[in-house]
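Report on the structure given below.
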Amino acid sequence: MTKALAPGATIGIVGGGQLGRMLAMAAARLGYHTAVLEPDRNCPAAEVTGLHISAPFDNGKALERFASVSDVVTYEFENVPVSAVRSLNEQLPVYPPPEALEAAQDRLAEKIFLNSAGVSTAPFASVDNDEELARALARFGGRGVLKTRRMGYDGKGQRVFRSATREEVKGCFAHMGGVPLVLEGLMAFEREISVIAARAADGSMVAYDPAENVHRDGILFRSTVPAAISPTTAETAREAAFTILSALGYVGVIGVEFFVMANGTLIANEFAPRVHNSGHWTEAACLVSQFEQHIRAVAGLPLGSTTRHADCVMTNLLGAEQEQATALLAEPDVMLHLYGKAEARPGRKMGHYTRLLPLDGELRHNPAGGSASLQKG
Ligand code: AMP
């Protein structure tokens, strides 16, 4: 796109979960309309978008209507059928490019791509039966993480081996669903970090400070910024994200997850071709959030500042934890975001909150208004 999308134009968003909801809200603040394609009638994005097309992602008629009302299309999750995105891209611009979606959907293709771009990953082997698993485990010293190549998220479809025996391997392929798998070496990392970065169509790129992430039961629990890493490691992470963005001719926001090894070296775990849960803190601690950044990129607007005005900790609210909302709102330095989901099932992401902490100055509380103002030291 050479020209920026004019206010009043419509950004089509494939997927109507919380990420779609927050993207639609950011688009509205920049004067854009949104249309959301999402089968679930009660999806979080439905109530904040002008048009919700409730249909399966591969429904031809729905895709036609979606394309006809949109000026540009983006997506909020990586399990959208690539064929649907490609058919949309024949009619109008789709960002990030379908190639990024394709690479991110298959853990094997993703690792091959990352290595070819010069970004290190865990050692890996394609596994399509028990014998291949046994051979790969023998190569990795009996230790590894077995993952489904496709449709895995939040640690689903994974099995960890620490000292695999023949018995343990028997029947494993069938047990994992008889689908293509990949075995990764079990990495003894010191911490996990992620970088949220963005690229515009003109090739300009920005990145936010890396966040340090803690997972519970495979689901992101907490992101802390800054991460406890050296400036060199932070710079290496940013550079790796930029390498990935350039190699893909990317437009939009990407989330790249890394393992930090004891010597400070980085191993890329995976990337998400979309806004990312570990970047939610940016809405509270930066002038331009990852959501606005993504909308800017896909709309052909200049990328925004990624400067942080506070340190912070973002925590997800899962299931019944949503009940903490009122107490959290009583705290002066907390920004709360709920997704408006009707049913608080265990483990379901219901919202998140970001607690701001002093940067290099102090958070000053205005005794009159109870609100926080920031002062640099
Ligand atoms: P993933 O679905 O690939 O993001 O994996 C979920 C979580 O499992 C990661 O955040 C890590 O904590 C852990 N994990 C995944 N792959 C590996 C690996 N190769 N070695 C050690 N831990 C891993």
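Among residues of the stretch 44-93 being in contact (Cβ under 8 Å) with a residue 60 or more places away in the chain, within 22 Å of L5 (Cβ to Cβ) and among the acidic types (D, E), the one that is most open to solvent (accessible area, probe 1.4 Å) is D71.
Of all the listed residues (A134, A109), the sole one being within 26 Å of Q158 (Cα to Cα) and in the same structural domain as V179 (by TED's automatic domain parsing) is A134.
Conditions tested, residue by residue: (1) within 16 Å of the ligand (Cβ to nearest atom); (2) open to solvent by 20 Å² or more (accessible area, probe 1.4 Å); (3) in contact (Cβ under 8 Å) with a residue 12 or more places away in the chain; (4) not aliphatic (A, V, I, L, M).
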| residue | (1), (2), (3), (4) |
| --- | --- |
| G249 | no, yes, yes, yes |
| V253 | no, no, yes, no |
| N269 | yes, no, yes, yes |
| E283 | no, yes, yes, yes |
| C286 | no, no, yes, yes |
| L338 | no, yes, yes, no |
| L359 | no, yes, yes, no |
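Per-residue answers, yes or no, for (1) assigned by TED's automatic domain parsing to the domain that holds L133; (2) on the phi < 0 side of the Ramachandran plot:
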{"residue": "Q158", "(1), (2)": "yes, yes"}
{"residue": "S163", "(1), (2)": "yes, yes"}
{"residue": "E167", "(1), (2)": "yes, yes"}
{"residue": "V179", "(1), (2)": "yes, yes"}
{"residue": "E190", "(1), (2)": "no, yes"}
{"residue": "I193", "(1), (2)": "no, yes"}
{"residue": "A200", "(1), (2)": "no, yes"}
{"residue": "G203", "(1), (2)": "no, no"}
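Residues in the stretch 355-377 include none that are at pLDDT 95 or above and under 19 Å from the mean Cα position of the chain (by Cα). I'd like to know if the stretch 194-208 contains one or more residues that are open to solvent by less than 40 Å² (accessible area, probe 1.4 Å) and more than 21 Å from F291 (Cα to Cα). Within the stretch 194-208 (the criterion being open to solvent by less than 40 Å² (accessible area, probe 1.4 Å) and more than 21 Å from F291 (Cα to Cα)), the answer is no, since none of the residues qualifies. Residue by residue through the stretch 122-140, note down the ones that are in a loop (DSSP other than H, G, I, E, B) and touching a residue at least 60 places away in the same chain (Cβ under 8 Å). A122, P123 - these are the residues of the stretch 122-140 that are in a loop (DSSP other than H, G, I, E, B) and touching a residue at least 60 places away in the same chain (Cβ under 8 Å). In the set (1) open to solvent by 60 Å² or more (accessible area, probe 1.4 Å); (2) touching a residue at least 40 places away in the same chain (Cβ under 8 Å); (3) within 16 Å of the ligand (Cβ to nearest atom), the condition left unmet by K170 is number (3). Selection over the stretch 216-233 of residues that are at pLDDT 95 or above and surrounded by fewer than 19 Cβ atoms within 10 Å (Cβ to Cβ) gives a count of 7.
Residues in the stretch 121-131 that are out of contact with any Lys or Arg (no Cβ under 8 Å at 6 or more places or on another chain) and among the acidic types (D, E) were compared, and the one that is nearest to the ligand (Cβ to nearest atom) is D128. Annotation note: of V206, V195, V179, the sole residue that is more than 12 Å from the ligand (Cβ to nearest atom), β-branched (V, I, T) and part of a loop (DSSP other than H, G, I, E, B) is V179. Selection of the stretch 94-120 for residues being within 16 Å of the ligand (Cβ to nearest atom), open to solvent by 20 Å² or more (accessible area, probe 1.4 Å) and in contact (Cβ under 8 Å) with a residue 60 or more places away in the chain yields L108, F113, S120. Considering the stretch 134-148, the residues that are away from the ligand (no atom under 15 Å from the Cβ) and hydrophobic (A, V, I, L, M, F, W, C) include one that is most open to solvent (accessible area, probe 1.4 Å), namely A138. Against the conditions (1) part of a helix (DSSP H, G or I); (2) over 23 Å from V182 (Cα atoms), A103 satisfies every one except (2). Restricting to the stretch 255-267, and then to whatever is among the small types (G, A, S) and within 16 Å of the ligand (Cβ to nearest atom), can you tell me which residue is nearest to S194 (Cα to Cα)? So, considering only residues that are among the small types (G, A, S) and within 16 Å of the ligand (Cβ to nearest atom), the one nearest to S194 (Cα to Cα) is G255. Within the stretch 141-163, being assigned to a loop (DSSP other than H, G, I, E, B), over 24 Å from I244 (Cβ atoms) and either at pLDDT 95 or above or touching a Ser or Thr at 6+ places or on another chain (Cβ under 8 Å) (or both) holds for G142, R143.
The values are calculated or read from the model by the stated rules, or taken from the named source; none is laboratory data. Worth saying up front: this structure is predicted, and the values here are computed from it rather than measured. Because the Cβ atoms are built from the backbone with ideal geometry, glycine has one as well, and the counts that use them run over all protein chains shown. Areas reflect the complete protein model, heavy atoms only, side chains present, ligands, DNA and RNA absent. Shrake-Rupley method; radii C 1.70, N 1.55, O 1.52, S 1.80 Å.
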